[in-house]
Amino acid sequence: MLAPIADVGRHPGTGGYRRSAWSDADMALREWFAGEARQRGLVLVEDGNGNQLAWWGAEDGHDALLLGSHLDSVPDGGAYDGPLGVVSSFAAVDALQREGFRPARPVVVANFADEEGARFGVACAGSRLAAGALAPERALALTDRDGRTMAEVVRARGRDPLAVGPAEWLTRVGTFVELHVEQGRSLVHDGAAVGVASAIWPHGRWRFDFRGEANHAGATPMPDRHDPVQAFAATVLAARRLATAAGARATFGRLDVEPGGTNAIPSRVQAWLDSRAAGEADLAELVAAITAAAQTAAEDDGTSVEVVAESVSPAVSFDAGLRDRLATLLDAPVLPTGAGHDAGVLSPLLPTAMLFVRNPTGVSHAPSEFADDDDCAAGVEALTAVVRDLAGAS
Ligand code: GLV
Ligand code: MN
Ligand code: MN
């Protein structure tokens, strides 16, 4: 089922997927999703935030069981993060339709918009907007790397920016179960093809804006420089040291150096920190310590740094009753994750759960992300059993 979209947004050089929100690739995937819904006789609805919902059962029904995931990717992402959850949901619907199963509540397959936040910086923008956890005016003013606002981008794709915001359909969802490729190797160690999520680590993204003074690379003596790259470099080293000591994570995966001339001292460095920890207080402490290290380094060089939080996600503990029910039903291990998901965003509103499918290397957000076909099939079987259990006649 992934084969028809295997080439969509795939970079021929890296083999990675470049499927950022509202890109041509994302639009092609939306079309594909609509076709899959149609083929199964599901009713397709798109909300004002670009979230696509394929309803099996009345689209104005209540207490729906929501499945699905997302189709966008990080830059050079893998084939499974997101799409595996979407195709597995359609495959579960297929299996149940084949056996003549009649759901006692609507079953909905979702493609959540802009889950990775790769374009506008805020993770899970589609589900956050639908849930009322992200203000529409803030979202619409976010800019991409070309300086285009989300409002401009969605308008150019024929959507109405005024429609962005809390979604009525979500009030008619009773449960959400998101299947996802595991982003780690817990299931390899457990010797299990499928697991159930217990929790998501709190995490976030912070923009560090280092400013210095542009000058000539040859004519400016070393002691006279105000080079913002120096404070940035010190910050990267401090982040690694502090995160390692705290048993947490810190990554600078995106960097802009301006103006970017080899023979010029830069005037500005913008760098984005992604940081995660087991607890919210640990995360706050770590980010404060990295910020302090940046400030000290900048002061030493006569440069400056400002830090702005762009996307912060609190700790998530998935609904304990649902987690235990699914773990028992599937006889599956329970594991936490350091990765963020739409299921985490929706968890304060309704019982949510996640199924993870084994990933032999644990690699994710990279082209080599992988899951064996047999494990993917086990994931579909597990999800099918979950729908039978949660949407069967009581
Ligand atoms: C999403 O995959 C994230 O954890 O950043
Ligand atoms: Mn991801
Ligand atoms: Mn994902």
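The values are calculated or read from the model by the stated rules, or taken from the named source; none is laboratory data. Fair warning: this is a prediction, and the values are worked out from it, not measured in the lab. Note that each Cβ is placed from the backbone with ideal geometry, even for glycine, and that neighbours are counted across all protein chains shown. Heads up: the accessible areas ignore ligands, DNA and RNA and are worked out on the full protein's heavy atoms, side chains in. Shrake-Rupley method; radii C 1.70, N 1.55, O 1.52, S 1.80 Å.
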Scan the strands (runs of 3 or more DSSP E) fully inside region 48-125 and keep the ones with 3 or more residues being away from ligand 3 (no atom under 16 Å from the Cβ) and in contact (Cβ under 8 Å) with a residue 40 or more places away in the chain.
52-56
Under 7 Å by Cβ, and 6 or more places apart or on different chains, what pairs join a residue from region 301-312 that is more than 16 Å from Gly212 (Cβ to Cβ) and of a type outside the set (D, E, K, R) with one that is open to solvent by 50 Å² or more (accessible area, probe 1.4 Å) and part of a strand (DSSP E or B)?
Val308/Arg207; Ser311/Arg205
For the condition open to solvent by less than 30 Å² (accessible area, probe 1.4 Å) and either away from ligand 3 (no atom under 16 Å from the Cβ) or in contact with a helix residue (DSSP H, G or I) (Cβ under 8 Å, 6 or more places away or on another chain) (or both), what is the one hit in Arg18, Arg30?
Arg30
Selection within region 308-337 - open to solvent by less than 50 Å² (accessible area, probe 1.4 Å), among the β-branched types (Val, Ile, Thr) and under 24 Å from Leu142 (Cβ atoms)
Val316
If we keep just the residues of region 151-197 that are in contact with a helix residue (DSSP H, G or I) (Cβ under 8 Å, 6 or more places away or on another chain) and within 16 Å of ligand 1 (Cβ to nearest atom), which is nearest to Leu355 (Cα to Cα)?
Leu179
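For region 348-367, state whether one or more residues are assigned to a loop (DSSP other than H, G, I, E, B) and surrounded by 23 or more Cβ atoms within 10 Å (Cβ to Cβ).
Yes, region 348-367 contains at least one residue that is assigned to a loop (DSSP other than H, G, I, E, B) and surrounded by 23 or more Cβ atoms within 10 Å (Cβ to Cβ).
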